[in-house]
1. Just wondering, is there one or more residues in the stretch 141-160 that are of a type in the set (Lys, Arg), surrounded by 12 or more Cβ atoms within 10 Å (Cβ to Cβ) and touching a residue at least 60 places away in the same chain (Cβ under 8 Å)?
2. Taking the options Thr118, Thr101, Thr123, name whichever one is at pLDDT below 95, under 20 Å from Leu42 (Cα atoms) and among the polar types (S, T, N, Q).
3. Answer yes or no as to whether Leu196 is under 22 Å from Asn152 (Cβ atoms), at pLDDT 95 or above and either under 18 Å from the mean Cα position of the chain (by Cα) or surrounded by fewer than 17 Cβ atoms within 10 Å (Cβ to Cβ) (or both).
4. Taking Asp25 as meeting all but one of (1) modelled with pLDDT under 95; (2) within 22 Å of Lys180 (Cβ to Cβ), write down the number of the exception.
5. Pull out all pairs, ordered by first then second residue, where Cβ-Cβ is under 6 Å, the residues are six or more apart or on different chains, the first lies in the stretch 15-32 and is in contact (Cβ under 8 Å) with a residue 40 or more places away in the chain, and the second is surrounded by fewer than 18 Cβ atoms within 10 Å (Cβ to Cβ) and hydroxyl-bearing (Ser, Thr, Tyr).
6. Are there strands (runs of 3 or more DSSP E) fully within the stretch 113-191 with at least 2 residues that are of a type in the set (Val, Ile, Thr)? List them.
Amino acid sequence: MKAIGVIPARLHSNRFPKKILHLIDGKPMVVHVYERAKKSQLLEDVIVAIDADETNKVLNDWKVKTIMTSDNHVSGTDRIQEAVADIEADVVVNIQGDEPTIPPLLIDELVQQFEDETIEMATVAGKDMDVEKIMDVNAVKVLLDEAGFAVNFRREPIHHELGGYYHHMGIYAYRKSTLKKYTELEPSDNERLLNLEQYRALDNGIPIKVILTDKVTKGIDVIDDLKQLERI
């Protein structure tokens with residue numbers, strides 16, 4: 001089973017402009033992500049899917065493997081599909097470019113899920129869900145069924161679900177055939193309404209396996225998130 005990691009790296013983020021190139025200890029954020037992903041034992045390759053010459057110039061200085069993609073994609077998943085269309089692989093891992101502390105072992109655990117041939121798509125959620133995360137609209141929450149598959153995702157909590165949420169982490173893996181199918185689908189109503197692209201899978205009958213972890217990391221969504229990273 002060949003697994004590759006792709007980091008979608010859109011330059012112009014709305015909430016934090018050019019955050020992928022923001023320096024952390026003198027190194028661009030996305031380079032931290034790339035170097036951690038490269039430590040995975042189960043990924044045969046890691047690629048950063050970029051959309052701007054500025055990003056390309058910066059990452060070349062750090063010897064990061066990149067592939068240029070369109071700047072018109074509406075989601076990171078669509079960008080990844082373009083990047084891997086001509087690459088031979090069984091499993092593709094979508095690693096967010098704003099997760100500079102992503103544990104390489106967590107990537108491996110995600111890839112291992114595909115030893116089960118029935119798994120089409122998988123993601124990760126943290127077991128520790130405190131009040132702050134529940135109320136934070138930037139912290140996506142996931143509700144699971146008894147078999148460990150996602151039932152729904154939320155930004156804003158719903159009272160009767162409060163006891164069952166887990167903290168969703170923005171890392172996904174797909175069989176390459178599932179990724180292609182996913183990106184050929186139209187965005188679903190829930191995806192548009194809730195601004196959560198995971199619903200494109202759920203609303204079209206693609207089950208999402210969720211593995212639970214104690215190794216929770218938080219993406220850098222806004223500038224204030226850097227303060228928490230500095231404490232770490």
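1. Scanning the stretch 141-160 turns up no residue that is of a type in the set (Lys, Arg), surrounded by 12 or more Cβ atoms within 10 Å (Cβ to Cβ) and touching a residue at least 60 places away in the same chain (Cβ under 8 Å).
2. Sole residue among the options that is at pLDDT below 95, under 20 Å from Leu42 (Cα atoms) and among the polar types (S, T, N, Q): Thr101.
3. For Leu196, the condition - under 22 Å from Asn152 (Cβ atoms), at pLDDT 95 or above and either under 18 Å from the mean Cα position of the chain (by Cα) or surrounded by fewer than 17 Cβ atoms within 10 Å (Cβ to Cβ) (or both) - is not met.
4. With respect to (1) modelled with pLDDT under 95; (2) within 22 Å of Lys180 (Cβ to Cβ), Asp25 is out only on (2).
5. Listed pairs, sorted by first residue: Lys19/Ser13.
6. Working: elements: 121-126, 141-144, 150-154, 165-175.
Fully inside the stretch 113-191 and qualifying: 121-126.
The values are calculated or read from the model by the stated rules, or taken from the named source; none is laboratory data. Note that the structure is a prediction, hence the values are computed from the model and not measured. Note that each Cβ is placed from the backbone with ideal geometry, even for glycine, and that neighbours are counted across all protein chains shown.
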